[in-house]
Amino acid sequence: MANLVSNMQQNSDEGAAARATANAIAGSRPENLERSCEAPDADRIVVAPACGGIERIEASFHGNGFTPHRHDTYAIGITLSGIQTFRYRGASRYSMPGNIIVLHPDELHDGGAGTEEGLRYRMMYVPPERLVPAMAGRNRGLPFLSAPVVDDAAMAASLREAIGDLGSEIGELALDDILGQLADGLMRHAGAGSPAVAKPARAAVLRASDYLRENLARQVSSAELEEVAGLDRFALARQFRAVLGTSPHRYLVMRRLDRARAMIALGTGLADAAYAAGFADQAHFSRHFKKVHGMTPGRWAALAGRGRADAAA
């Protein structure tokens, strides 16, 4: 029992950034997905829309959820509530809310809730072949993490992007960025260190950023950006962060929000502004707007309208 308490306390003391991620994800329940008619605390698994061969789920259960089994994918996720217990490589493991879990392909493990309150977590299952191209050409085998419970702010941010909203698919640019971040995180924790970023390719990044601004209203593919920049998609994402401090996907979203916000300030309706800025629909626009600006676009539009009225008075 002393060892159990010690291990749980160690996990509890780690990962403030990851706990913040858990709180953010926990506040975004996938209500628009098909659910059973059971009570809110009933055992269940919610499966997100398919995304490039990557499965994403949210699971809630009490007691022993899974008997020993294997996946042929990486299982990467985060504990949202409760204590997640599992046997992995001959040892008992414990994950507290906010802890990140990384299980290597084909490793035997089980899963259960450590307390009577039950367990809730989200997980993504990533085929190794989706990660190999993102490993920056390093001649190594698949990265193996000896500790399956980790604390990593960058990986937490990638998980927030990947499993924070299970009701939506992930766009190609966003998925490439997520895979690159996860590959870098796996390599770091496997002892390979972070990939070295070559001399900043400012010209390539500026070509790509210009192209994104010029094509806000449509879906831009990773292949297009590779051709424009002259870099592969993962190298470009790393260069984008080195030069502009963000990813191509994030840059595109922010420029779309800039355009929509400017249109709304001039009196354009929310749906029209969302469409003109390249968002899939108004709900997609609203989620991004609130995440960035801390209020709904409707409230922002009302305040902007009041400002126009005051200026005209």
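Laid out as a table, the results:
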{"quantity": "From the options GLY267, GLY171, GLY180, residue that is touching a residue at least 40 places away in the same chain (Cβ under 8 Å) and on the phi > 0 side of the Ramachandran plot", "calculated": "GLY267"}
{"quantity": "Whichever residue in segment 211-230 is of a type in the set (A, V, I, L, M) and either touching a Lys or Arg at 6+ places or on another chain (Cβ under 7 Å) or within 17 Å of ALA242 (Cβ to Cβ) (or both) and, among such residues, is surrounded by the most Cβ atoms within 10 Å (Cβ to Cβ)", "calculated": "LEU225"}
{"quantity": "Answer from ILE45, ILE83 - the residue that is over 21 Å from VAL126 (Cα atoms) and modelled with pLDDT of 60 or more", "calculated": "ILE83"}
{"quantity": "Where GLY164 falls short, out of the listed (1) of a type in the set (Gly, Ala, Ser); (2) closer than 26 Å to LEU252 by Cβ; (3) surrounded by fewer than 17 Cβ atoms within 10 Å (Cβ to Cβ)", "calculated": "(3)"}
{"quantity": "Considering residues of segment 151-179 that are at pLDDT 90 or above and acidic (Asp, Glu) only, the residue farthest from the chain's Cα centre (by Cα)", "calculated": "GLU172"}
{"quantity": "Top-ranked residue of segment 260-286 - restricted to ones that are of a type in the set (D, E, K, R) and either more than 16 Å from ARG218 (Cβ to Cβ) or assigned to a helix (DSSP H, G or I) (or both), ranked as least open to solvent (accessible area, probe 1.4 Å)", "calculated": "ARG261"}
{"quantity": "Some residue of segment 228-238 being assigned to a helix (DSSP H, G or I) and under 24 Å from LYS290 (Cα atoms)", "calculated": "no"}
{"quantity": "Every residue from segment 107-149 that is among the basic types (Lys, Arg) and in a strand (DSSP E or B)", "calculated": "ARG120, ARG122"}
{"quantity": "Output for segment 220-255, where each listed residue is within 20 Å of ARG287 (Cα to Cα) and among the basic types (Lys, Arg)", "calculated": "ARG250, ARG255"}
{"quantity": "Segment 84-115, subset under 23 Å from ALA42 (Cα atoms), open to solvent by 20 Å² or more (accessible area, probe 1.4 Å) and not small (Gly, Ala, Ser), residue farthest from the chain's Cα centre (by Cα)", "calculated": "THR115"}
{"quantity": "Residue count, segment 59-80 (criterion: surrounded by 17 or more Cβ atoms within 10 Å (Cβ to Cβ) and over 21 Å from ARG130 (Cβ atoms))", "calculated": "6"}
{"quantity": "Unique residue being among the small types (Gly, Ala, Ser), open to solvent by less than 60 Å² (accessible area, probe 1.4 Å), at pLDDT below 95 and under 25 Å from the mean Cα position of the chain (by Cα) when the list is ALA208, ALA237, ALA201", "calculated": "ALA237"}
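The values are calculated or read from the model by the stated rules, or taken from the named source; none is laboratory data. Quick caveat, the model's predicted, so the values are computed rather than measured. Virtual Cβ from ideal backbone geometry, glycine too; neighbours counted across all protein chains shown. Accessible surface is based on the protein model in full, side chains and every heavy atom, while ligands, DNA and RNA are left aside. Shrake-Rupley method; radii C 1.70, N 1.55, O 1.52, S 1.80 Å.
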